[in-house]
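Heads up: the structure comes next, in structure tokens.
Bear in mind these aren't lab numbers, they're just calculated from the coordinates by the rules spelled out. Because the structure is a prediction, the values reported are computed rather than measured. Quick reminder, even Gly has a Cβ in these numbers, built from the backbone with ideal geometry, and neighbours come from all protein chains shown.
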Amino acid sequence: MTQPPVFQQRDQIRKAIRQKRRQLTVAQQQDAAHKLSARVLHHPKVKQAKTIALFLSFDGEIDTTPLITHLWDLNKQVCLPVLHPFHRHHLLFYVTLPPRS
């Protein structure tokens, strides 16, 4: 069964973006991750929040590790999405703990 055109177009866009991400240098990727972290940390909603839900980076996505580390440093609780093992398209959230010093 073939996909509807909208899903084919979506998949093509995702593929093109993935290729562009892979062309970034390590320095460019690190710079983007630090800029994202700084921008998110200055957002008023993030400053007020006690718990933040994020994702772990995958397949060339912007690295969320610096942001997660900064949130832990600010004593924020960080939750990561996990696909439910029995219910498709249902997310659970895993509460992460900072590494012990």
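How about the range 19-30: which of its residues are more than 14 Å from residue 67 (Cβ to Cβ) and either among the small types (Gly, Ala, Ser) or part of a helix (DSSP H, G or I) (or both)?
19, 20, 21, 22, 26, 27, 28
Among the residues of the range 70-81, those identified as in a loop (DSSP other than H, G, I, E, B) and surrounded by fewer than 17 Cβ atoms within 10 Å (Cβ to Cβ) are 74, 75. Determine whether the range 61-69 contains at least one residue that is assigned to a helix (DSSP H, G or I) and of a type outside the set (Val, Ile, Thr). Taking every residue of the range 61-69 in turn, at least one turns out to be assigned to a helix (DSSP H, G or I) and of a type outside the set (Val, Ile, Thr). Selection of the range 35-50 for residues being closer than 13 Å to residue 73 by Cα and either of a type in the set (A, V, I, L, M, F, W, C) or touching a residue at least 12 places away in the same chain (Cβ under 8 Å) (or both) yields 37, 41, 50.
Could you tell me whether any residue of the range 31-52 is among the small types (Gly, Ala, Ser) and exposed (fewer than 10 other Cβ atoms within 10 Å of the Cβ)? No, because not a single residue in the range 31-52 is among the small types (Gly, Ala, Ser) and exposed (fewer than 10 other Cβ atoms within 10 Å of the Cβ).
Please determine, by comparing only the residues of the range 1-22 that are within 13 Å of residue 62 (Cα to Cα) and free of Cβ contacts under 8 Å to residues at least 12 places away in the same chain, which one is surrounded by the most Cβ atoms within 10 Å (Cβ to Cβ). Show your work before the answer.
Initial filter on the range 1-22 (within 13 Å of residue 62 (Cα to Cα)): 17-18, 20-22.
Then keep just the ones that are free of Cβ contacts under 8 Å to residues at least 12 places away in the same chain; that gives 17, 20.
On the way: 17: 12, 20: 10.
Filtering first and then ranking leaves 17.
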